[in-house]
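In what follows, a single structure is set out as structure tokens and then discussed.
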Amino acid sequence: MKIGTPQIYMRMLILVCFLLTGTAAIAQQGKSAAEKAGDRLQVLIPLAGYGTTFIMDDTEGRTQFYKSFFTNLGITYTLKYSINDPRPEGQGGHSFPSGHTSAAFQGAAFIQVRYGWAYGIPAYLGAAYVGYSRIEGETDRHFVDEVIAGAVIGTLSSYYFTTPYKGLIIT
């Protein structure tokens with residue numbers, strides 16, 4: 001297998017996912033199962049979309065991913081630090097909007113718009129679970145409106161910059 005082939009990138013993506021999952025598990029002592037899963041999915045969903053651009057040798061898609069990812073990140077963190085809402089559990093601020101949810105929905109929307117609903121539906125289900133994991137009873141990291149705002153920001157950032165892959169018709 002040559003360096004630079006899609007198979008090499010896919011293997012690197014899988015290795016990174018395993019490393020992130022292992023690191024997250026070590027750093028998350030005392031967190032609920034829902035919160036741990038949400039922490040992992042908020043990274044893995046966008047990573048799956050980004051990794052797919054390498055597998056498909058989709059340089060145009062990769063550029064679109066960068067634009068939507070960094071727009072989402074910029075808007076989310078600008079709002080977090082300018083609004084500085086307190087968190088429901090009383091541990092710190094920067095609660096509005098949910099960064100976990102915006103990251104997950106940015107990735108899910110990118111996958112759906114670029115590669116179609118067949119891949120987008122599972123990604124959106126995962127992203128919805130991330131949102132749930134942020135408001136779930138033991139977690140209590142966000143209010144519902146903060147999660148909805150994160151989902152809207154993430155989704156719109158991908159819808160704005162992403163086009164279907166090679167003329168794929170989205171139905």
Do we have T52 as within 25 Å of A37 (Cβ to Cβ) and of a type outside the set (K, R) here?
yes
Out of (1) open to solvent by 70 Å² or more (accessible area, probe 1.4 Å); (2) at pLDDT 90 or above; (3) within 21 Å of D39 (Cβ to Cβ); (4) of a type in the set (A, V, I, L, M, F, W, C), the odd one out for V144 is which?
(2)
Is there any pair linking a residue in region 58-86 that is among the aliphatic types (A, V, I, L, M) to one that is at pLDDT below 90 and outside any helix (DSSP H, G or I), with Cβ under 7 Å and at least six apart or on different chains, and which?
L79/F96; L79/P97; I83/F96
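Picking from I135, I153, I121, which residue would you name as being touching a helix residue (DSSP H, G or I) at 6+ places or on another chain (Cβ under 8 Å), open to solvent by 70 Å² or more (accessible area, probe 1.4 Å) and of a type in the set (A, V, I, L, M)?
I121
Checking the condition open to solvent by 10 Å² or more (accessible area, probe 1.4 Å), closer than 20 Å to L41 by Cα and outside any helix (DSSP H, G or I), which residue from F69, F96, F105 passes?
On the way: F69 fails: outside any helix (DSSP H, G or I); F105 fails: outside any helix (DSSP H, G or I).
Of the residues listed, the single one that is open to solvent by 10 Å² or more (accessible area, probe 1.4 Å), closer than 20 Å to L41 by Cα and outside any helix (DSSP H, G or I) is F96.
The values are calculated or read from the model by the stated rules, or taken from the named source; none is laboratory data. What you are looking at is a predicted structure, and each value in this text was computed from that prediction instead of being measured. Positions of Cβ are generated from backbone atoms using ideal geometry, with glycine treated the same way; all protein chains shown enter the neighbour counts. Note: accessible area is taken over every heavy atom of the protein model, side chains too, but ligands, DNA and RNA are not part of it. Shrake-Rupley method; radii C 1.70, N 1.55, O 1.52, S 1.80 Å.
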